[in-house]
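The numbers here are math on the coordinates, done by the rules we state, and not lab data. If you're wondering where the values come from, they're calculated on a predicted model, not measured in any experiment. Neighbour counts are summed over all protein chains in view; Cβ atoms, including those assigned to glycine, are modelled from backbone coordinates with ideal geometry.
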Amino acid sequence: MAKMTDVAKLAGVSPSTVSRVLAGGDAVTADKKQKVLMAVEKLNYRPNRLARNLRKLETRTVVVVVPDISNPFFYEIIRGMERVAQAKGYHVLLGDTQLNKQMEIEYIELVRDKLADGVILLVAQNPQEHIIEASSGLPIVVACAFIDGNDIPTVNIDHFNSAIDMVNHLVSLGHRRIAYISGPLKNNRLSSFRFEGYCQGLFQNQIEIEKQFIVEGNFTIECGYDKGRELMERPTKPTAIFAANDEMAIGAIKAIKELGYKVPEDIAVVGFDDIKLSAYIEPPLTTVAQPKQQIGAEAMEVLLRCINNETLSSQEIILDSELIVRESCGSHLRHT
């Protein structure tokens, strides 16, 4: 197995020059850099990452913690993270907590134990004291969630106003009986913001908030199916269903069709997130698009700045969302 000294000898440079080239340093002439890279390729040299990490007290590895790896929403976000991490010479480890608080703590502890340099949390439930306490003094970023009363950086969209925009769109199509399938509302600020936006949208349009049209879900397709059937089996039926995420909207569409109704002719259905499947179901789903890859990229950029002890311009980054109008809302129809 080739050593760094072998590479230096073949390239005709010092071992320290080889080290600077492999570390991506700029203080090396183009000619010497080319010689080093050619020698590395010829000798099939692989740097001893463990030795380097021990010297620098870093791992060049970050942990991304997700609450449910099966949720397609997280796929594009993770791709955005990996793109930035790879460009900066970092590796990404993925941890699936299945909403287990103890597992969240264990992944955070990898940083305290110097097995990773930082953590990004993609948590579905509102981070509480167990996360704040475990992450004290560590490089950590939270994406797609909210934290109160601490200085952990976050990356998000404006869920409240995005939900208002969706209600306004449905009202513009003539809908007044707009049902809502929320996410879990207890200890989940993301779900609460979207629900509050739904309520505010109705209020602004002088539409009464009716409890019979509000059901609480858990963001799964199965739940959307059950809640969609529940809403459609009530004596007074809504003309539109606004689901707090695309998976529940997709489940609701299946239930509606099984009951013999048509979407959007009999009832409009809209979602939130714009997962890939939303464009391919029948009918294609109107939804709020989150800039998922941008969220991932921004979260990783912020984390790497934290790891390098750089000053952040803001502790909270809010990105733009977009209303994507497709056939499921019946934009070519009017409902009364």
Quiz prompt | Percentage relative contact order, the chain, counting C-alpha pairs under 8 Å, at least six apart | solution = 17 percent
Quiz item: What residue among Val325, Phe213, Met4 has its Cα farthest toward the positive end of the dipole of the chain, where the charges are +1 on Lys, Arg and -1 on Asp, Glu, each on the Cβ?
Solution: Met4
Self-check item: Other-chain or far-sequence residues with amide H under 5 Å of Ala268's (modelled H)
Solution: Ala240, Ile241
Self-check item: Residue-by-residue Karplus 3J(HN,Hα) for segment 219-230, coefficients 6.51, -1.76, 1.60, Hz, glycine and proline x
Solution: 6, 9, 4, 4, 5, x, 4, 5, 6, x, 5, 4
Quiz item: What ³J(HN,Hα) values, in whole Hz, does the Karplus curve 6.51 cos²θ - 1.76 cosθ + 1.60 give for segment 101-117 when θ = phi - 60°, with x put for Gly and Pro?
Solution: 4, 5, 5, 4, 4, 5, 5, 5, 5, 4, 6, 5, 8, 6, 9, 8, 8
Quiz item: In a GNM of the chain with a 10 Å cut-off on Cα contacts, which of Leu312, Leu121, Leu94 has the highest mean-square fluctuation?
Solution: Leu312
Quiz prompt | Estimated 222 nm signal from helices in the chain, with DSSP H stretches of n ≥ 4 weighted -39500 (n - 2.57), rounded to 500 | solution = -13000 deg cm²/dmol
Quiz item: Quick one: if the Förster radius is 51 Å, what FRET efficiency do Tyr261 and Lys9 give, using the C-beta to C-beta distance and rounding to 0.05?
Solution: 0.10
Quiz item: Near the amide H of His91, under 5 Å away, which other amide H atoms are found, from residues 5 or more places off or on another chain, if H is placed in the peptide plane?
Solution: Thr61, Val62
Quiz prompt | Theoretical gain in end-to-end length, Gln212 to Asn309 [0.36 nm per residue, Cα-Cα removed] | solution = 29.8 nm
Practice problem: Pop out the ³J(HN,Hα) list for segment 153-161 in order, Karplus 6.51 cos²θ - 1.76 cosθ + 1.60 with θ = phi - 60°, rounded to Hz; leave Gly and Pro as x. | Solution: x, 9, 10, 7, 10, 8, 5, 4, 6
Quiz item: So how tilted is helix 292-307 from the main axis of the chain? Cα-based, degrees 0 to 90, rounded to 10.
Solution: 40 degrees
Practice problem: Please report, in Å, the Rg and the Dmax of the chain, where both are computed over Cα atoms only. | Solution: 24.8, 85
Quiz item: Amide H of Val263: which non-local residues (sequence gap of 5 or more, or other chain) have their own amide H closer than 5 Å, using H built in the peptide plane?
Solution: none
Quiz prompt | Most mobile listed residue (Ile295, Ile241, Ile207) in the chain, GNM with C-alpha springs under 10 Å | solution = Ile207
Exercise. Mind checking the full-extension length gain between Met38 and Arg176? Use 0.36 nm per residue of separation minus the Cα-Cα distance, one decimal, nm.
Key: 42.8 nm
Quiz item: Quick one: length gained pulling Asn168 to Ser331 fully straight, 0.36 nm per residue minus the C-alpha distance?
Solution: 57.4 nm
